[in-house]
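Here is the structure we will look at.
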Amino acid sequence: MKIFITGATGFVGGHFINIVPPEIEIVAIKRSKSKEKIKLVRKVTWLEKEITELKVEDLHGVKSVFHFASAGVSPQKASWEELYNFNVNGTLSLLKIAADACVNHVVMAGSFTEYGLSANFYEHIPATAALLPITPYASSKAAAFELAYSFCINKKIKLVYNRIFSAYGDGQFEGNLWPSLRNAAINNNNFYLNNAEQIRDFIPIEDVAQKFLKDLIKTDENYFDPKIKNICTGKGISILEFASYWWKNFKATGQLLSKNRQSLKREPQRFVGLPDTMK
């Protein structure tokens, strides 16, 4: 069995690759200057090109496509043009090539931020909640989802779309909360928390990777409608609680301090997902 992966050098993609069974062949795309966020422990056949440069022959014999690549993941910055060129147009380009190569199974990584203002109406956000994004990144991901949903129905491709909640762990962008906490602890610095009372659904990256692995194992299931799921724990804790736990775990000697940051207008204070196990 052969699978194709985008975002293979990234945070989620790298962890996923390391738990894919060794008998499965992996072909992955990366940009020429991309560096692995975590050490990969298994063989990967690399294609060094842009996603829009893919050709049908690149996906020859591929059974499943896993699309992890994304521009502008918070707190990294990207313009509206960059977000839509990569997250929407890049996704369309990939799906067209997959369809032409007769790939019948696509798994995509989405974001909890796509729910946006819908979070205000739920204690646990269901995967069926309306998408009301309020940030450029979230809107580009929501647009990519709508595109993939209709495209895969039209082309009779089995689509699994997983919205990842607040994942954390090794290989994450250094500007994110968890690695920032760890770095401050290692350097004996104080750490300043933004919006400490906001509630989030934090999930270890290892658990995220395992959820995606299940979608690989179940590729032979007979279904036709796209599957939309939340990758989450269903448990909400405040940013302060999360930070305090890890600050103690890291044996930090500095202090955790709060500072005010102006939130986006109407930004939801609580983002907690409804996992399949709670339905």
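The values are calculated or read from the model by the stated rules, or taken from the named source; none is laboratory data. Remember, predicted model here, so these are calculated numbers, not experimental data. Neighbour counts are summed over all protein chains in view; Cβ atoms, including those assigned to glycine, are modelled from backbone coordinates with ideal geometry. The area values use the complete protein model at the heavy-atom level, side chains included, leaving out ligands, DNA and RNA. Shrake-Rupley method; radii C 1.70, N 1.55, O 1.52, S 1.80 Å.
Observations on the structure shown:
- Length gained on full extension, residue 235 to residue 42: 66.2 nm, using 0.36 nm per residue less the C-alpha separation.
- Segment 199-249 pair-distance distribution - Cα-Cα, 10 Å bins, rounded %: 20, 39, 24, 13, 4
- Once the C-beta distance of residue 255 and residue 173 is scaled by a Förster radius of 22 Å, the resulting FRET efficiency is 0.35 to the nearest 0.05.
- Square roots of five times the Cα gyration tensor eigenvalues for segment 1-42, Å: 17, 12, 8
- Exceeding the 21 Å Cα-Cα cut-off - candidates 30/158; 63/96; 37/77: 30/158
- Only Cα sites of segment 1-154 enter the Debye sum here, all with the same form factor; the resulting log10 I(q)/I(0) across q = 0.09, 0.13, 0.18 1/Å is -0.30, -0.62, -1.13, listed in q order.
- Cα Rg, Dmax, segment 5-74, angstrom units: 11.7, 34
- Between residue 111 and 164, the built amide H atoms are under 5 Å apart, and every one of these is 5 or more places off in sequence or on another chain.
- Surface composition of segment 164-242: carbon plus sulfur atoms hold 49% of the accessible area, using a 1.4 angstrom probe and ignoring ligands, DNA and RNA.
- Relative packing of 60-71, 93-104, 248-259, which averages over residues the other C-beta atoms within 10 Å, highest first: 60-71, 93-104, 248-259
- Under 13 Å, Cβ to Cβ, from residue 136 - net charge with Lys/Arg +1 and Asp/Glu -1: -1
- Convex hull volume per residue in cubic angstrom - Cα atoms of the chain: 131
- Local net charge near residue 93, Cβ-Cβ under 13 Å (Lys/Arg +1, Asp/Glu -1): -1
- Ligands, DNA and RNA are left out, and with a 1.4 angstrom probe the accessible area of the chain is 50 Å² per residue.
- When the solvent-accessible area of segment 1-98 is split by element, carbon and sulfur atoms take up 52 percent of it, the probe being 1.4 Å.
- Whole-number percent relative contact order across segment 131-279, with pairs defined as alpha carbons under 8 Å at least 6 apart: 34
- For segment 80-213, the Kirkwood radius over C-alpha pairs fed into Stokes-Einstein at 37 °C and 0.692 mPa s yields D = 195 µm² per second.
- Annotation for segment 138-171 versus segment 1-63: alpha-carbon center distance of 18 Å.
- Per-q log10 I(q)/I(0), segment 161-271, q = 0.11 Å⁻¹ (Debye; single scatterer per alpha-carbon; no solvent): -0.45
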